[in-house]
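The values are calculated or read from the model by the stated rules, or taken from the named source; none is laboratory data. Owing to the predicted nature of the structure, the values given are computational and were not obtained by experimental measurement. So basically every Cβ, Gly included, is an ideal-geometry build from the backbone, and we count neighbours across all protein chains shown.
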Amino acid sequence: MNSTEGDAMPVISHVVCPVCGCCCDDIELLIENNRIIEARNACAMSAAKFEKYFLHRNTDAYVRKNGKLTKVSLDEAIRKSAEILAESSYPILYGWSSTSCEAIKAGLELAEEIGGVIDNTSTVCHGPSILAVQDVGLIGTTLGQIRHRADLIIYWGSNPWSAHPRHMERYTALSDGRFQRNIWRRISTRIRADSVRKKIARIASMFFKRGREFLSGEAREKFGMFPSEERKVIVIDVRRTRSAELADYFLQVKPGGDYDVLQALRALIHDEELNVDEVAGVPVETLEEIADLMINCKLGVIFFGLGLTMSKGKLRNVEAAIKLTQDLNDCTKFLIMPMRGHFNVTGANTVFTWQTGYPYAVDFSHGYPRYNPGETSAIDVLRRGDADAALVIASDPISNFPREAARNLADIPLIVIDPHLSPTALVADVVIPSAFVGIETEGTVYRMDHVPLPLKKVVEPPAGLLSDEEILRRILKEIRRSKKP
Amino acid sequence: MRIIILTGRTIDQGCGKEIGKTSKDYMESVAICEMNEEDMKKIRIRDGDRVKVTTKFGSVVLIAKKSRRISSPGTAFIPYGPWANCITGSATDGTGMPLLKGVPASVEPTDEKVLTIRDLINSFMS
């Protein structure tokens, strides 16, 4: 909806943010001369994207000639891309989580046409979560229900302060729900108390050797009193993140120890005794307190992050977390949700599933979709050196993949569709610049709780730039044309 | 000194990647190794010194940062990005997901320079 502030510059309201899986839909953008001047209600990452996206953008198409990226026309880059993909026998098409559902749909059509492997970035984020959900199910909900009703919020292996900066403000402890109040006052009181305690500790340390101990986490927990009727937040992680500092309880688990702690909590919830003093660095008394909080809440939720999926145990960690949630539903109501990273990684899984039956790592080389993560997933295909060409869209695997897989990707003919000259684009053989989805072109995305939302076009793209969907459709058309006798 | 490497998101890394990965902001937010103060004393380095982190998969030079968030000695944190991925392996054990957190490593002071994003890209091209 467009509106104006008196005679001032136009404001576009209710803009959906194309950064993280929160997909905040209350962004207001001030526009002047086809440029975003200010992003209101935006977190630091959202503001960085809306206000600075054009600083390092690329508007030129390139093809590598004699070892150097050389400027070419968009038509030539599309023709070259079609030629590479049509000639390959086992191409991989990767990325998809930072583009629209419409572009993903076109990508799946392309993968089927050329008989390639298509995988999205969930393969290196919540892929193990998907495998766990396929094994044991998921007790899910939408974020609105959590905002209004949840009185116990657990972030496990996830750091919303850094990765989803407005998650707590919009959906959990710092939001006002219909039946739950925000806990801003409690947190600000605690921060003030912490500040006073630090000052006292600094003065005490000048006179007494043990004065500094007041600064330790243990000392802090003793000050952590809060009203029993209010929402509570627990953070469980391997390091004391900024999110941990906002929590009522922080459990620091030894690296690789999440599975042990999850199973210990399951045992305690079933009234079993633990014959040890601590589990993965967490004292059993603390685990007992947490188990009590879990059982006695009205509606609890576990938001889990890559701390579970990327650590030792991977899908088994997530499976244990889901089983813990299932166990808790014998005593109370409990839910669980993955903290999805990219703004449309949930959309990628959704579109992949409705088009092929599988959420990621889909192999069309047999003429029909096959799914076997560990074999058909991007890292494994690249590590084995099986792929003989690649198309990367809206992603940067050269930065995000382990070096061996990234090196093999750089060694094969590589096409990159991206608004930035990313590290992956800089090693590519064909680079096609695209318009920014959610800024220069519209599209559909799925929020982390599977709610579909529309991205807006708020400014015009530079002349000649196409959307991801249009670029993919043109490559597909060119491949089909070249196949005709 | 032996250490466990944790990787993850930071707000600076998140902002840097949105501005552009060839930007100075991105490198300054990502080519770092957050360490516990005791560990830094053990290997005699100060905040801002360079360290070489080595695993069985490779090594990388980073800027050491003292962090109170690394409350336990024996662990260090590197934000997600191309520098962190120089030292991670690609075996997925049949899951599709490599082990990107909790990788055993050694860390030592160094005079070697921190590679820029262009240096890293050139190393791929060669």
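Is there a residue in the stretch A:254-269 that is of a type in the set (S, T, N, Q), modelled with pLDDT under 95 and in the same structural domain as A:ARG166 (by TED's automatic domain parsing)? Quick ask: steps written out before the conclusion?
Looking only at the stretch A:254-269, we keep the residues that are of a type in the set (S, T, N, Q), and these are A:263.
From what's left, modelled with pLDDT under 95: none.
There is no residue in the stretch A:254-269 that is of a type in the set (S, T, N, Q), modelled with pLDDT under 95 and in the same structural domain as A:ARG166 (by TED's automatic domain parsing).
Taking A:ILE92, is it of a type in the set (Val, Ile, Thr), more than 24 Å from A:LYS457 (Cβ to Cβ) and within 14 Å of chain B (Cβ to nearest Cβ)? Quick ask: steps written out before the conclusion?
Numbers: of a type in the set (Val, Ile, Thr): yes; more than 24 Å from A:LYS457 (Cβ to Cβ): yes; within 14 Å of chain B (Cβ to nearest Cβ): yes.
Answer is yes for this residue.
Would you be able to say whether some residue in the stretch B:12-20 is within 13 Å of chain A (Cβ to nearest Cβ) and assigned to a strand (DSSP E or B)? I'd like the intermediate steps shown before the answer.
Filtering the stretch B:12-20 for residues within 13 Å of chain A (Cβ to nearest Cβ) gives B:12-20.
Add one more test, that the residue is assigned to a strand (DSSP E or B), and what stays is none.
No, there is no match, as no residue in the stretch B:12-20 is within 13 Å of chain A (Cβ to nearest Cβ) and assigned to a strand (DSSP E or B).
Go through the stretch B:91-126 and report how many residues are within 25 Å of A:LYS254 (Cβ to Cβ), buried (at least 20 other Cβ atoms within 10 Å of the Cβ) and touching a helix residue (DSSP H, G or I) at 6+ places or on another chain (Cβ under 9 Å).
Counting residues in the stretch B:91-126 that are within 25 Å of A:LYS254 (Cβ to Cβ), buried (at least 20 other Cβ atoms within 10 Å of the Cβ) and touching a helix residue (DSSP H, G or I) at 6+ places or on another chain (Cβ under 9 Å) gives 9.
Are any residues in the stretch B:17-44 among the charged types (D, E, K, R) and on the phi < 0 side of the Ramachandran plot, and if so, which ones?
In the first step, residues of the stretch B:17-44 are kept if they are among the charged types (D, E, K, R); the result is B:17-18, B:21, B:24-25, B:28, B:34, B:37-39, B:41-42, B:44.
If the condition is that a residue be among the charged types (D, E, K, R) and on the phi < 0 side of the Ramachandran plot, then B:LYS17, B:GLU18, B:LYS21, B:LYS24, B:ASP25, B:GLU28, B:GLU34, B:GLU37, B:GLU38, B:ASP39, B:LYS41, B:LYS42 are the ones that fit.
Just one of (1) part of a helix (DSSP H, G or I); (2) surrounded by 21 or more Cβ atoms within 10 Å (Cβ to Cβ); (3) facing another protein chain (nearest Cβ under 10 Å) trips up A:ASN408, so point out which.
Tallying (1) part of a helix (DSSP H, G or I); (2) surrounded by 21 or more Cβ atoms within 10 Å (Cβ to Cβ); (3) facing another protein chain (nearest Cβ under 10 Å), A:ASN408 fails exactly one: (2).
Could you pull out every one of the strands (runs of 3 or more DSSP E) wholly within the stretch A:57-144 that has 2 or more residues that are farther than 30 Å from A:LEU308 by Cα?
Numbers: elements: A:61-65, A:68-72, A:91-95, A:117-120.
Passing ranges, in order: A:61-65, A:68-72.
Only one of (1) more than 7 Å from every other protein chain (Cβ to nearest Cβ); (2) surrounded by 14 or more Cβ atoms within 10 Å (Cβ to Cβ); (3) touching a Lys or Arg at 6+ places or on another chain (Cβ under 9 Å) fails for B:ASN85. Which number is that?
Condition not satisfied by B:ASN85: (1).
I'd like the full set of residues that are in contact (Cβ under 8 Å) with a residue 40 or more places away in the chain, out of contact with any Gly (no Cβ under 7 Å at 6 or more places or on another chain) and in a helix (DSSP H, G or I), limited to the stretch A:459-480.
Taking the stretch A:459-480 as the starting set, the residues that turn out to be in contact (Cβ under 8 Å) with a residue 40 or more places away in the chain are A:459-460, A:462, A:464-469, A:471-476, A:478-480.
Cutting the leftovers down to out of contact with any Gly (no Cβ under 7 Å at 6 or more places or on another chain) gives us A:459-460, A:462, A:464-469, A:471, A:473-476, A:478-480.
Within the stretch A:459-480, A:ASP468, A:GLU469, A:ILE471, A:ARG473, A:ARG474, A:ILE475, A:LEU476, A:GLU478, A:ILE479, A:ARG480 meet the criteria.
Looking at the stretch A:301-320, which of the residues that are part of a helix (DSSP H, G or I) and facing another protein chain (nearest Cβ under 9 Å) is farthest from the chain's Cα centre (by Cα)? Steps first, please.
Restricting attention to the stretch A:301-320, the residues satisfying the condition of being part of a helix (DSSP H, G or I) are A:306-309, A:315-320.
Keeping just the survivors that are facing another protein chain (nearest Cβ under 9 Å) gives A:306-307, A:309, A:315.
Details: A:LEU306: 9, A:GLY307: 12, A:THR309: 12, A:LEU315: 17 Å.
Within the stretch A:301-320, the match that is farthest from the chain's Cα centre (by Cα) is A:LEU315.
If you check A:ALA410, A:ALA361, which single one turns out to be over 27 Å from A:CYS20 (Cβ atoms) and not assigned by TED's automatic domain parsing to the domain that holds A:LEU138?
Numbers: A:ALA361 fails: over 27 Å from A:CYS20 (Cβ atoms).
Criteria check complete, one pass: A:ALA410.
Select, from A:VAL416, A:VAL445, the only residue that is under 18 Å from A:TYR62 (Cα atoms), of a type outside the set (Phe, Trp, Tyr) and either within 22 Å of the chain's Cα centre (by Cα) or not in a helix (DSSP H, G or I) (or both).
Details: A:VAL445 fails: under 18 Å from A:TYR62 (Cα atoms).
Result: A:VAL416 is the single residue among A:VAL416, A:VAL445 that is under 18 Å from A:TYR62 (Cα atoms), of a type outside the set (Phe, Trp, Tyr) and either within 22 Å of the chain's Cα centre (by Cα) or not in a helix (DSSP H, G or I) (or both).
In this structure, is B:SER123 more than 30 Å from A:ASN372 (Cβ to Cβ) and more than 10 Å from the chain's Cα centre (by Cα)? Explain how you work it out, then say what you get.
Numbers: more than 30 Å from A:ASN372 (Cβ to Cβ): yes; more than 10 Å from the chain's Cα centre (by Cα): yes.
When the stated conditions are applied, B:SER123 passes them.
If you take the residues of the stretch A:278-300 that are over 30 Å from B:GLY96 (Cα atoms) and assigned to a loop (DSSP other than H, G, I, E, B), which of them is nearest to the other protein chains (Cβ to nearest Cβ)?
A:CYS297
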